[in-house]
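The values are calculated or read from the model by the stated rules, or taken from the named source; none is laboratory data. As the structure is a computational prediction, the values presented were derived from the model and not from experiment. Positions of Cβ are generated from backbone atoms using ideal geometry, with glycine treated the same way; all protein chains shown enter the neighbour counts. Note: areas computed on protein heavy atoms with side chains; ligands, DNA, RNA excluded. Shrake-Rupley method; radii C 1.70, N 1.55, O 1.52, S 1.80 Å.
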Amino acid sequence: MKLDLKAVPFSRRGSYLALSWHEGEFNHRKLEKGLYLRTIRGAAKEPFVARLLPLQNGNPAAFAAEAGPSAMRLTPETGAGEIEIVFADPSTILIRGRGEGIGLCLDFMTGDGAYNFLQPVLSGDETWYLANCFKNGSRFMCRNQRGIARLEQAWHISGADYGKLAAEAQDGEFLLVLEEVRTDWANRHRQWDIEAEREKAEQEFQAFYQSMPRVPSEFEEVREAASYVNWSSIVDKSGFLKRETMYMSKNWMCNVWSWDHCFNAIALAGHNPALAWEQFMVLFDHQTPAGRIPDSVNDSIVIDNYCKPPIHGWALHKMRQKMQLDRAMLEEACDKLGKWTMWWLNYRDQDGDGLCEYTHGNDSGWDNATAFQLLPPVTLPDLAAFLVLQMEELAELSRLLGREPEAKTWEARAKEMADKMLEKLFADNLPVGIQTVTGQKITAQSLILYLPILLAKRLPEEVQQAMIRVLEGDTFLTAYGFATEAVKSEAYEADGYWRGPIWAPSTILILDGLWACGRRDFVKDMARRFLKMVEKSGCAENFDALTGEGLRDRAYTWTSSITLLLAEDYLLEN
């Protein structure tokens with residue numbers, strides 16, 4: 001498998017470092033064309049650590065970059081030689097050059113801010129070089145295990161105007177070791193074998209890949225690519241992350257959001273149950289006494305300005321179909337899901353009508369959808385549907401724990417909310433939204449309104465059929481899947497985020513409901529369309545609904561996880 005380094009970073013499980021190719025602009029930063037080492041730690045003021053410049057006879061050389069899961073290779077466009085890059089562990093990168101005159105310069109871009117510099121560090125008979133990257137909130141120790149190291153720097157009072165460390169071949173080879181330093185550094189006096197470390201990394205990836213959901217043979221390459229996106233997007237526990245955590249991406253969406261993590265947990269549940277549980281619980285580590293969970297978390301930052309929709313009951317139900325929960329897990333889930341549900345009931349029903357509201361599009365996960373065209377708060381039927389499913393899951397968990405009175409209470413609450421949703425948020429058998437304060441009807445043509453299809457047989461037959469007719473008609477449907485805004489809507493935008501593009505989460509939620517409604521052939525067709533789109537355009541954050549082109553972040557884990565789930569659950573003949 002070859003990575004598209006312009007879209008998919010080269011990294012490994014556990015690491016907060018990534019290598020990728022950039023030209024033009026990256027997340028609003030203009031860059032010279034080339035290969036860059038980045039940090040994805042949340043406190044970094046600047047993600048770019050260093051630019052990698054291959055050398056021939058001491059001069060920069062044009063080169064081609066190619067990478068797979070376990071190694072990257074840089075090949076000069078003229079002349080002989082090769083440079084190989086391998087993650088030996090999450091914090092150690094090995095860079096080997098072979099060939100006469102071959103070399104590599106690490107341009108640490110010290111001029112990007114104050115207090116960035118390099119300095120030699122004597123450690124016994126070894127000379128290391130400390131790169132103090134204040135701009136990244138990071139430090140790195142570098143040593144040429146084989147070959148010659150040369151430091152070129154312009155020191156100025158308290159930092160360097162520029163700082164470059166070059167590794168040059170001696171007797172036709174160099175081996176540069178780069179270690180990320182978080183606190184104290186101790187010389188391990190390790191003699192690294194890059195070939196052995198490459199093999200270990202490959203074995204680790206292959207083990208993860210083979211544990212991911214199975215797919216029809218025609219989509220095996222899609223499975224491998226999706227597995228790499230998931231594996232390489234995992235980071236070790238650090239700071240606010242109390243567990244090993246799968247980020248949404250190692251491009252710029254370097255967080256875990258409080259609904260994204262659910263899809264990753266479901267994809268892991270079948271063969272990685274321990275890791276699946278870690279993903280499901282990671283946001284609940286920051287649950288408040290009142291029950292709220294944050295919008296997003298990374299190693300350095302917890303964002304509480306928003307939240308995300310309560311899909312956790314639906315997600316846990318899907319997980320329990322794929323893995324066993326012991327009593328301690330059931331108790332923890334029941335406690336935390338119960339508090340999360342009560343937070344919505346206690347804090348997000350401003351008008352006391354028994355239906356909860358979103359106070360911003362971000363709370364729904366559909367940030368700028370047209371359902372939020374009026375000033376929030378807005379009352380939408382998807383939120384009621386999610387809470388109904390969550391309360392039903394709480395009833396099941398309570399029964400498994402022998403808590404029958406609690407189970408009956410949750411069932412009664414679920415039925416009451418479902419009845420109120422149908423009474424207030426449906427008109428002529430189709431879903432509507434309401435501006436909570438004024439009671440004004442929201443005339444949006446957003447797919448979010450149709451997520452209550454998840455309730456399937458719980459809905460009256462006439463409501464089911466009316467929603468199915470819309471979903472299977474030409475309002476949202478394209479050759480690639482469900483547009484998030486009606487294709488003929490005046491608000492439709494090809495790259496309009498939640499105003500047009502196809503997204504993986506909306507796809508799986510709609511298809512899960514339609515499957516339960518008995519629309520099996522249609523669901524299989526839609527799942528196949530989605531996988532064909534991913535095969536063509538990669539695991540992008542979202543997709544142009546009319547062309548299938550990948551948009552925004554091009555290596556997004558909820559897309560890779562949902563791709564695998566759609567294939568296993570709907571396309572694989574069991």
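Exactly one residue out of M248, M253 is under 18 Å from G365 (Cα atoms), at pLDDT 95 or above, part of a loop (DSSP other than H, G, I, E, B) and open to solvent by less than 40 Å² (accessible area, probe 1.4 Å), and it is M248. Restricting the range 31-48 to residues that are under 18 Å from F10 (Cβ atoms) and more than 22 Å from the chain's Cα centre (by Cα) leaves a set whose member that is most open to solvent (accessible area, probe 1.4 Å) is K33.
Please return the ranges of strands (runs of 3 or more DSSP E) entirely within the range 22-127 where 2 or more residues are touching an Asp or Glu at 6+ places or on another chain (Cβ under 8 Å). Walk me through it before giving the result.
On the way: elements: 29-39, 48-56, 63-67, 72-76, 82-89, 92-98, 102-107, 116-123.
In the range 22-127, 29-39, 48-56, 63-67, 72-76, 82-89, 92-98, 102-107 are the strands (runs of 3 or more DSSP E) which contain 2 or more residues that are touching an Asp or Glu at 6+ places or on another chain (Cβ under 8 Å).
Scanning the range 137-151 for residues that are surrounded by 23 or more Cβ atoms within 10 Å (Cβ to Cβ) and under 10 Å from E180 (Cβ atoms) yields one hit, F140. If you check I434, I448 for being crowded, with 22+ Cβ neighbours inside 10 Å and part of a strand (DSSP E or B), only one passes: I434. Taking the condition touching a residue at least 60 places away in the same chain (Cβ under 8 Å), out of contact with any Ser or Thr (no Cβ under 8 Å at 6 or more places or on another chain), assigned to a helix (DSSP H, G or I) and open to solvent by 60 Å² or more (accessible area, probe 1.4 Å), does K457 pass? So K457 fits the description; yes. The set of residues from the range 8-55 being farther than 24 Å from R139 by Cα and touching a Phe, Trp or Tyr at 6+ places or on another chain (Cβ under 9 Å) comprises V8, K33. Of all the listed residues (A276, A225, A265), the sole one being closer than 30 Å to K532 by Cβ and open to solvent by 30 Å² or more (accessible area, probe 1.4 Å) is A225.
Listed conditions (1) closer than 14 Å to L355 by Cβ; (2) touching a residue at least 40 places away in the same chain (Cβ under 8 Å); (3) surrounded by 18 or more Cβ atoms within 10 Å (Cβ to Cβ) are all met by K420, apart from (3). When the range 8-21 is filtered for residues that are among the hydrophobic types (A, V, I, L, M, F, W, C) and either assigned to a strand (DSSP E or B) or touching an Asp or Glu at 6+ places or on another chain (Cβ under 9 Å) (or both), the ones remaining, listed by number, are F10, L17, A18, L19, W21. With the structure loaded, tell me whether A555 is more than 24 Å from E472 (Cβ to Cβ), crowded, with 22+ Cβ neighbours inside 10 Å, touching a Leu at 6+ places or on another chain (Cβ under 8 Å) and at pLDDT 95 or above or whether it fails that test. Taking the combined requirement at face value, the residue does not satisfy it.
Scan the range 364-376 for residues that are surrounded by fewer than 24 Cβ atoms within 10 Å (Cβ to Cβ) and within 24 Å of the chain's Cα centre (by Cα) and jot them down.
D367, N368
Listed by first and then second residue, the pairs linking a residue in the range 137-166 that is part of a loop (DSSP other than H, G, I, E, B) to a residue that is modelled with pLDDT of 95 or more and surrounded by fewer than 18 Cβ atoms within 10 Å (Cβ to Cβ), with Cβ atoms under 7 Å apart and 6 or more places separating them unless they lie on different chains, are G147/E173. Based on what the data block shows, is L17 touching a residue at least 24 places away in the same chain (Cβ under 8 Å) and within 18 Å of the chain's Cα centre (by Cα)? So L17 fits the description; yes. Pairs linking a residue in the range 51-68 that is among the polar types (S, T, N, Q) to a residue that is part of a strand (DSSP E or B), with Cβ atoms under 7 Å and 6 or more positions apart or on different chains, are Q56/P76; Q56/I102. Set side by side, the residues R214, R198, R223, R188 differ, and just one is of a type in the set (K, R), within 30 Å of N59 (Cα to Cα) and either touching an Asp or Glu at 6+ places or on another chain (Cβ under 9 Å) or not in a strand (DSSP E or B) (or both), which is R198.
Pick out the one residue from D495, D525 that is surrounded by fewer than 24 Cβ atoms within 10 Å (Cβ to Cβ) and touching a Leu at 6+ places or on another chain (Cβ under 6 Å).
After ruling out the rest, the residue left standing is D495.
Quick one: in the range 377-397, of everything that is under 27 Å from the mean Cα position of the chain (by Cα) and not hydrophobic (A, V, I, L, M, F, W, C), which residue is nearest to A427 (Cα to Cα)? If we take residues in the range 377-397 being under 27 Å from the mean Cα position of the chain (by Cα) and not hydrophobic (A, V, I, L, M, F, W, C), then P381 is nearest to A427 (Cα to Cα). Taking first residues from the range 506-532 that are more than 18 Å from V222 (Cβ to Cβ) and of a type outside the set (S, T, N, Q) and partners that are open to solvent by less than 10 Å² (accessible area, probe 1.4 Å) and outside any helix (DSSP H, G or I), the Cβ contacts under 7 Å between residues at least 6 apart in sequence or on separate chains come to I510/F482.
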